[in-house]
Amino acid sequence: MNEKISWKTLEYKKKARTVDWYWAVIIIAISISIISVILHNTLFAILILISTISLLIFSFKDPEIFEISIDERGIIVNKDMYPFSSLESFWVDITDEKEPKILLKSKKVIMPFIIIPIEEYHHLDIREFLLRYLEEKEINEPISHKIMDKLGF
């Protein structure tokens, strides 16, 4: 096997959003803001409106193409290096066979999980390569990530 595995993938999967999705987000945000103002929590209402505007702007952005590389030092996602010494374990998730992904558990508290889609390579080749450097331990994708994916974020 090679001493380096590389592939390109999208930053995230672009979701097709209907006009109804945008209306639902706007109506929910305005409703929460009005309730917050009624309950004398104006700061929270402002936070909700700013967050909604940011979300709507972000929803129009096209995903970037990320370069993923795995070598003996660690995993590189674009320009971010995740050395194997900063990672606890990995799991290759193939529950969705069309979109397998690597789940990495980091030792860092702020970013405990790193999820990387697998493209161009067979998941068993990547698993075999990672076994040289990391412990394989079953990791489940965070429920918050799954919920946000189902909601179209």
Candidates Trp7, Trp21, filtered to the one that is in a helix (DSSP H, G or I) and surrounded by 13 or more Cβ atoms within 10 Å (Cβ to Cβ): Trp21
Single condition Lys15 does not satisfy, out of (1) among the basic types (Lys, Arg); (2) under 26 Å from Ile139 (Cα atoms); (3) modelled with pLDDT of 85 or more: (3)
Val37 touching a helix residue (DSSP H, G or I) at 6+ places or on another chain (Cβ under 6 Å), over 30 Å from Ser86 (Cα atoms) and surrounded by fewer than 14 Cβ atoms within 10 Å (Cβ to Cβ): yes
Residue match in the stretch 26-45 (condition: within 22 Å of Leu103 (Cβ to Cβ) and over 16 Å from the mean Cα position of the chain (by Cα)): no
Enumeration of residues in the stretch 99-123 that are within 20 Å of Lys8 (Cβ to Cβ) and over 14 Å from the mean Cα position of the chain (by Cα): Glu119, Glu120, Tyr121, His122, His123
Members of the stretch 125-139 that are of a type outside the set (Lys, Arg) and in contact (Cβ under 8 Å) with a residue 12 or more places away in the chain: Asp125, Ile126, Glu128, Phe129, Leu130, Tyr133, Leu134, Glu135, Glu136, Glu138, Ile139
Hey, Glu88 among the charged types (D, E, K, R), at pLDDT 90 or above and over 19 Å from Lys15 (Cβ atoms) or not: yes
Evaluation of Ile70 against (1) at pLDDT below 90; (2) under 17 Å from Lys8 (Cα atoms); (3) over 17 Å from the mean Cα position of the chain (by Cα) (one fails), failing number: (1)
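The values are calculated or read from the model by the stated rules, or taken from the named source; none is laboratory data. All values reported here derive from a predicted model rather than from experimental measurement. Quick reminder, even Gly has a Cβ in these numbers, built from the backbone with ideal geometry, and neighbours come from all protein chains shown.
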